[in-house]
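In what follows, a structure is listed as structure tokens, so that the remarks can point back to it.
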């Protein structure tokens with residue numbers, strides 16, 4: 001009887017406490033924010049995620065009525081920034097600018113001291129950018145099928161530059177290799193080396209977003225053979241999607257979005273999500289994203305969570321297939 005009574009009392013206490021905790025969170029949200037908000041970017045100043053969030057932060061500040069400050073914390077393949085935010089106070093004043101590595105690091109680094117899915121909560125997906133296969137203009141292939149045939153026949157054309165072991169363009173190249181049967185040889189860089197060497201002809205190919213290469217495509221030094229996405233991009237309508245080119249399951253994406261430390265009150269998560277969604281849907285921001293080959297989004301936390309789950313599953317399959325594990 002005593003055990004049953006204690007259990008009943010505990011249940012009553014929890015039922016009473018839950019609305020109280022919700023009301024505290026709601027009250028906090030009504031006065032939020034009351035001081036500057038910090039967005040931690042896992043890449044250097046001047047990088048794509050940094051530039052995008054700096055453009056958006058001006059509008060976020062206007063909507064929220066407080067300064068929105070960008071803090072760059074590059075290093076360790078974005079894990080430094082992710083762990084710092086995961087271990088920050090869940091008070092709504094520190095957010096992570098998430099990038100695709102957030103959906104690959106658990107598979108690549110099984111010994112991490114934190115779990116991105118458990119320790120970070122999705123706020124909103126800000127933008128999505130499709131990926132391209134780019135080759136130097138001297139490569140004698142005008143289509144994806146021609147490139148596959150060429151790379152199989154002559155291993156010199158199977159050299160593919162990446163931004164480092166485990167980077168999204170490395171994983172995309174491995175995905176391409178498994179689908180095409182090309183014996184890809186990866187040349188890993190730690191800087192912008194792949195793009196410089198691609199333009200100069202030192203390497204024949206790389207996978208990446210449009211932005212770093214679109215200028216070289218227009219100048220005739222680089223050629224796009226395919227792009228991910230369900231439809232052709234309006235800036236490069238002559239470039240087929242990977243599906244049109246014969247690889248419908250090759251669907252790499254790059255993206256940025258906001259995440260908060262686990263435990264951040266839901267009303268605050270919703271407030272920041274709403275603010276980011278407003279910014280993402282501004283004509284000025286949508287035009288800026290289109291100009292660099294991206295699509296402005298602005299999702300709910302639930303929609304972003306579903307997107308992250310899909311991306312984690314996709315990349316876990318790729319990483320498991322190639323058997324890549326890093327320390």
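Values quoted throughout were computed directly from the atomic coordinates according to the rules given, and no laboratory measurement underlies them. Here the structure is a predicted model, which is why all the values come from computation and not from measurement. As a convention, Cβ positions derive from the backbone with ideal geometry for all residues, glycine included, and neighbour counts pool all protein chains shown.
Modelled spin labels at residue 231 and residue 249, positioned 7 Å past Cα toward Cβ, are 2.7 nm from each other.
Placing dummy labels 7 Å off each Cα toward the beta-carbon, the span from residue 306 to residue 287 is 3.2 nm.
When both bridge partners sit in region 130-227, DSSP labels roughly 60% of those beta bridges antiparallel. Across region 81-170, C-alpha contacts under 8 Å between residues 6 or more apart give a mean separation that, scaled by the residue count, equals a relative contact order of 22 percent. For a test of the definition: using alpha carbon positions, the gyration tensor, and the 1.5 limit on a/c, classify region 258-327 as rounded, prolate or oblate. Cα axes put region 258-327 in the oblate bin.
Note on residue 200 and residue 325: the extension gain reaches 41.8 nm, defined as 0.36 nm multiplied by sequence separation minus the Cα-Cα distance. You can think of it this way: the chain between residue 91 and residue 111 has 4.5 nm of extra reach, that is 0.36 nm per residue less the Cα-Cα gap.
Once the Cβ-Cβ distance of residue 54 and residue 274 is raised to the sixth power relative to R0 = 25 Å, the FRET efficiency obtained is 0.75.
Rounded is the label for region 130-227, because the ratio a/c of its alpha-carbon gyration tensor axes (a ≥ b ≥ c) stays below 1.5.
Mind pulling the angle between the C-alpha long axis of helix 301-322 and the longest principal axis of the chain? Nearest 10 degrees, somewhere in 0 to 90. Compared with the principal axis, the helix lies near 50 degrees. Seen against the Cα atoms of the chain and their longest principal axis, helix 144-153 is set at about 60 degrees.
The C-alpha atoms of the chain define a longest principal axis, and helix 2-31 lies at about 70 degrees to it.
Beta bridges assigned by DSSP with both partners in the chain are antiparallel in approximately 60 percent of cases.
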